[in-house]
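Structure first, commentary second.
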Amino acid sequence: MTIALTINGKTASAEADPQTPLLWVIREHLKLTGTNYGCGSGLCGACTVHIDGKAVASCQTAASQAVGKKITTIEGLSADNPHPLQKAWIAEQVPQCGYCQSGQIMKAAELLASNKKPTREQIVSHMDGNICRCGTYPRIVRAIERAAREA
Amino acid sequence: MNAPINNKGTLDTSISRRSLMQGGAGLTFAFTFGGAANAFVDANTQGATGKLNAYVAIAPDGIITILTPAPEMGQGVNTVLPLIVAEELDADWSKVKVQQAPVDAVYNHPVFRSQYQVASLTTRGYWMPLRTAGAQARRVLMDAAAAQWGVPVTELTTEPSTVVHAASGRKLGYGEIAGFAQAPTQAPEIKPEQLKAVAQFRFLGKDVQRIDMADKASGKPLYASDVQVPGMLYGTIARAPVRGSGPTSFNRDAIKAMPGIVDAVTFDHGVGIIGNTIEQVFAARQKLKAEWKQVKGSSVNSDKDLQEYLAHLRDPNHKGVVVRQTGDANAAIAGAARIVSDEFVSDYVYHAQMEPLSCTASVTSDGVEVWAGTQWPTRCVAEAAKTAGVEPQKVKLHVLQMGGGFGRRAYVEYVVDAVLLSKAVGKPVKMIQSREEDVHAGRFRPMTAQKLDVGLDASGKIVGWRHRLAAETVYPYLYGQARLDNDKGVDFIVIAGADMPFYDVPAHVTDHIYEDRGVRVAAWRGIAAGYTNFAIEAMLDQLARETEKDPLEYRLGLLKDARAKKVVERAAQLADWGRKREGRALGIAFSKLGVPPVGFSMTGTVAEISLDRASGNIKVHNLWCVADVGLPLQPDNISAQLESSLIFSMSAALKERISIKDGAVEQSNFHDYGVIRMSEVPEIKVEVIRSGDIPLPVGELAIGGTAPAIANAFLALTATRLRHLPMSPERVKQALG
């Protein structure tokens, strides 16, 4: 069936079962491949998007649950300029393989939207659900702190 | 235009006439190296006007396209390899565009003679060939400018992307020269002494931004799982739970009746499911009911196997393959005044790369097109060709970035899977493994049991060292049984790091007892050093205690190499080794990476821990790691790799464990295969030391020191030895009694 979604400020429709995880609708139906599949079980954070500003695991969200809401993916994080987090990510040379990074940035963006000057403890506590196998954790923390400073 | 290149001999100096551009549209350099004969080059630089054959194309507008011959898995080689070319070319880096080289023998890694990425040897292996290629291109540009100006080339120099004739004040940009120059039929010979002196480097040694940072911070499609091909279907393979097994039957009709399912296919090694969407394929996978053939590994129980490994180690009549020996360690130990022995075990560990294995393939009457993130592009082409039943020239492979390699992508069975699926339905298929499949069908670092026996003389000096190891072999999977036979049965993947070239150990023997259990095994980051160096460095602390020496002093007395002493000493200095900490302790370890022909890089690692006795939880507060990497080409990226390896190995040291029961892997996702998270990461301080003019292996360097540094800190804190990796809270409590 046709599902109409609002993604990154635009409407988009997909032919999919309403129970399809939002992750697959975003990635494979709508071809927005910046959001990644890491575990399918809400354990790793690679699929993190925003729904009405809240960071959620899109693999744990049925597409039908996102209808009528504002979905933001990494592609829509910033209208035309890099987001301060993205600038900080580049300045701190954060990514290695890069596969977890969209989810990391989306999760971090949720934090900075509500807490402009997070402490290190708040950052770590907020980000702890996002796994990185390349060991970029220390740089992620520094990038979030940098983005908070420079915003 | 696809122009075969004829290479003569092994010198990297021949250029095919067919590579010359018509009409002065740009300049390409057909430099080859490594003895590739009659290489077929698929020149597919998109957008570069000079049709590239090997590494460099320069367009009249000055844009320089440099091809990178190696895959990228996050370690940053797709920046540093082009940078090496740009350095000797004396290019303006801001004018450089990087492209992935196609698969062709001309791009083979000189050590592996294949496009193959393992052993942290990418930068080290391509170092001289790429420098030479850049220097040759620069020389061609200078010769062309000299001819244009009618001056001897010896009067010319270069500035970034510019040839300069100081005497007359004339300058020509590389782009301008590309507009009129013709590549010579014979490339200029560049001797090593004609390359830049390290002191003259403009880029190497200082950090440039990695070329893929912006893409990775904005979700650009980079990975095999991102591929979108018109008309593509989705597929997955449910592999038999046990290696070598396959389906005897499955509920084919029920699966095929499910929504969106196009086909369900029996393969030798599993069931293939193909459908219109990935969600339908995964839904069908959940409903699969299959019977599997009983094979050798079908009754494996890893806990039971470990006991058998230990029994074998303890039985001196149970012989292994002698991997290497210096002197007569058995005699020295037999005649020693005192023998110190201990046993060390390590569980299977899973790569847990963030991108589950994925590959897209399209088999047509013309051949097969493949999109894959892979550590072995050359092998991908060969196996895709074989699977599709076509000649290798009919395979077009797009080498994409990997969402983590760590050795998991060092073989290509997932590429074969995608080709099989596409062949079965006659359409392009994107194969994605679920995380559960990625774990169940994972290939693991072998489980090991090790026994070390060290003979000491009356004064406590080491006279002999015996290192026995029981584990599966990995070579047959990666390279075939023939390779194991050729190497006299020595499986380097499984025993690397057991040697002790930098310690004063006069007699040393390593032997490997093969345990062929039928479990899926593979190379895992750092390969054997993760457990062999654990045993060595934990034993050294035990010996230090036996001889009543401080572990740092003991090591500095025993190390016989200045570089090795320096990294250990410096790490201890950074950690303020002598300072006692209330409720915490420090542990130290040395580690190395490399093989004699290419050189060794080294680390000294110190861990600071505390312990919650009630829970058995070890908290690592600090890790200090000092690395001697020869010549650091990109210091910040090297630091990133050290941090990466420290965290990766710490995760395995404390948390990671695969167990096998009745032949099947018991774990399935991140809830039961725990990996280190941000909250568990210590403060990490790394320091990079330059000790020479050659870049030495980096990517896996900091793997080997972490587990022993933590175990040694635990020993200092509690006087208790931890000997089973991972050092989980349960095992800690058990050890404390």
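The values are calculated or read from the model by the stated rules, or taken from the named source; none is laboratory data. These numbers come from a predicted model, not from an experiment. For neighbour counting, all protein chains shown are included, and Cβ atoms are generated from backbone atoms with ideal geometry for every residue, glycine included. These accessible areas exclude ligands, DNA and RNA; they are computed on the full protein's heavy atoms, side chains included. Shrake-Rupley method; radii C 1.70, N 1.55, O 1.52, S 1.80 Å.
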task = Go through the range A:94-109 and give me each residue that's assigned to a loop (DSSP other than H, G, I, E, B) and either more than 8 Å from chain B (Cβ to nearest Cβ) or aromatic (Phe, Trp, Tyr) (or both).
result = A:Tyr99
ask   = Looking at this structure, is B:Thr387 hydroxyl-bearing (Ser, Thr, Tyr), more than 21 Å from B:Gly270 (Cα to Cα) and either surrounded by fewer than 24 Cβ atoms within 10 Å (Cβ to Cβ) or in contact with a strand residue (DSSP E or B) (Cβ under 8 Å, 6 or more places away or on another chain) (or both)?
value = no
task = Kindly indicate which of B:Gln634, B:Gln641, B:Gln573 is of a type outside the set (Lys, Arg), farther than 24 Å from B:Pro726 by Cα and crowded, with 24+ Cβ neighbours inside 10 Å.
result = B:Gln634
request  = Residue by residue through the range B:337-364, note down the ones that are within 14 Å of another protein chain (Cβ to nearest Cβ), in a loop (DSSP other than H, G, I, E, B) and either open to solvent by 20 Å² or more (accessible area, probe 1.4 Å) or among the hydrophobic types (A, V, I, L, M, F, W, C) (or both).
outcome  = B:Ala352, B:Met354, B:Leu357
key: Residues (at positive phi and touching a residue at least 12 places away in the same chain (Cβ under 8 Å)) located in the range A:8-35   = A:Asn8, A:Gly9
request  = List every residue pair whose Cβ atoms sit under 8 Å apart, with the two residues 6 or more apart in sequence or on different chains, where the first one lies in the range B:214-228 and is more than 24 Å from A:Pro84 (Cβ to Cβ) and acidic (Asp, Glu) and the second, anywhere, is in a loop (DSSP other than H, G, I, E, B) and open to solvent by less than 20 Å² (accessible area, probe 1.4 Å).
outcome  = B:Asp226/A:Thr33
query = Is there a residue in the range B:240-257 that is farther than 30 Å from B:Val505 by Cβ, within 14 Å of another protein chain (Cβ to nearest Cβ) and surrounded by fewer than 19 Cβ atoms within 10 Å (Cβ to Cβ)?
reply = no
remark   = The helices (runs of 4 or more DSSP H) lying entirely within the range B:626-737 that contain at least 3 residues which are over 30 Å from B:Asp342 (Cβ atoms) and in contact (Cβ under 8 Å) with a residue 60 or more places away in the chain are B:635-654
task = Would you be able to say whether some residue in the range A:105-126 is within 15 Å of the chain's Cα centre (by Cα) and without any contact (Cβ under 8 Å) to a residue 12 or more places away in the chain?
result = no
request  = Could you please find all residues in the range A:37-48 being in contact with a strand residue (DSSP E or B) (Cβ under 8 Å, 6 or more places away or on another chain) and facing chain B (nearest Cβ under 7 Å)?
outcome  = A:Tyr37, A:Gly40
task = For the range B:559-570, enumerate the residues that are of a type outside the set (D, E, K, R) and surrounded by 14 or more Cβ atoms within 10 Å (Cβ to Cβ).
result = B:Leu559, B:Ala564, B:Val567, B:Val568
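Table: residues versus (1) within 14 Å of chain A (Cβ to nearest Cβ); (2) within 22 Å of B:Gln99 (Cα to Cα); (3) surrounded by 18 or more Cβ atoms within 10 Å (Cβ to Cβ); (4) touching a Pro at 6+ places or on another chain (Cβ under 6 Å).
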residue	(1), (2), (3), (4)
B:Leu195	no, no, no, no
B:Phe201	no, no, no, no
B:Leu204	no, yes, yes, no
B:Ala214	yes, yes, no, no
B:Ser218	yes, yes, yes, no
B:Ala224	yes, yes, yes, no
B:Val229	yes, yes, no, yes
inquiry  = Of the conditions (1) over 24 Å from the mean Cα position of the chain (by Cα); (2) open to solvent by 20 Å² or more (accessible area, probe 1.4 Å); (3) within 14 Å of chain A (Cβ to nearest Cβ), B:Val208 satisfies every one except a single condition; which number is it?
reply    = (1)
ask   = Would a scan of the range B:392-415 turn up a residue that is within 14 Å of chain A (Cβ to nearest Cβ), more than 19 Å from B:His440 (Cα to Cα) and part of a strand (DSSP E or B)?
value = yes
query = A:Glu75 versus (1) modelled with pLDDT of 95 or more; (2) within 28 Å of B:Ala640 (Cα to Cα); (3) out of contact with any strand residue (DSSP E or B) (no Cβ under 9 Å at 6 or more places or on another chain): which is the lone unmet condition?
reply = (3)
message = Test of understanding: among B:Gly367, B:Gly373, which residue is touching a residue at least 12 places away in the same chain (Cβ under 8 Å), buried (at least 24 other Cβ atoms within 10 Å of the Cβ) and more than 30 Å from B:Asn330 (Cβ to Cβ)?
response = B:Gly373
inquiry  = Which condition from (1) open to solvent by less than 10 Å² (accessible area, probe 1.4 Å); (2) among the polar types (S, T, N, Q); (3) facing another protein chain (nearest Cβ under 7 Å) is the one that A:Gln86 breaks?
reply    = (1)
request  = Residue by residue through the range A:54-79, note down the ones that are within 12 Å of another protein chain (Cβ to nearest Cβ), of a type outside the set (Gly, Ala, Ser) and out of contact with any His (no Cβ under 6 Å at 6 or more places or on another chain).
outcome  = A:Cys59, A:Thr73, A:Ile74, A:Glu75
query = Which numbered condition trips up A:Gln65, out of (1) touching a residue at least 24 places away in the same chain (Cβ under 8 Å); (2) outside any loop (DSSP other than H, G, I, E, B); (3) open to solvent by less than 30 Å² (accessible area, probe 1.4 Å); (4) of a type outside the set (A, V, I, L, M, F, W, C)?
reply = (3)
query = Taking the range B:161-193 as the search range and keeping residues that are touching a residue at least 40 places away in the same chain (Cβ under 8 Å) and open to solvent by 90 Å² or more (accessible area, probe 1.4 Å), which one is nearest to the chain's Cα centre (by Cα)?
reply = B:Glu189
query = Among helices (runs of 4 or more DSSP H) lying entirely in the range B:255-336, which contain 1 or more residues that are within 23 Å of B:Trp465 (Cα to Cα)?
reply = B:302-314, B:329-334
query = Is at least one residue of the range B:595-609 charged (D, E, K, R) and farther than 18 Å from B:Lys560 by Cα?
reply = yes
request  = Just give me the residues in the range B:275-331 being open to solvent by 40 Å² or more (accessible area, probe 1.4 Å), more than 22 Å from B:Arg520 (Cβ to Cβ) and either of a type in the set (A, V, I, L, M) or within 14 Å of another protein chain (Cβ to nearest Cβ) (or both), in sequence order.
outcome  = B:Asn276, B:Gln280, B:Ala283, B:Gln286, B:Ala311, B:Val322, B:Ala331
note = Counted residues in the range A:110-151 being within 11 Å of chain B (Cβ to nearest Cβ), surrounded by fewer than 15 Cβ atoms within 10 Å (Cβ to Cβ) and hydroxyl-bearing (Ser, Thr, Tyr) come to 1
ask   = Going through the range B:413-424 one residue at a time, which ones are out of contact with any Ser or Thr (no Cβ under 7 Å at 6 or more places or on another chain) and under 9 Å from B:Gly272 (Cβ atoms)?
value = B:Asp417, B:Leu421, B:Ala424
query = Quick one: would you say B:Ala133 is at pLDDT below 95 and within 30 Å of A:Gly98 (Cβ to Cβ)?
reply = yes
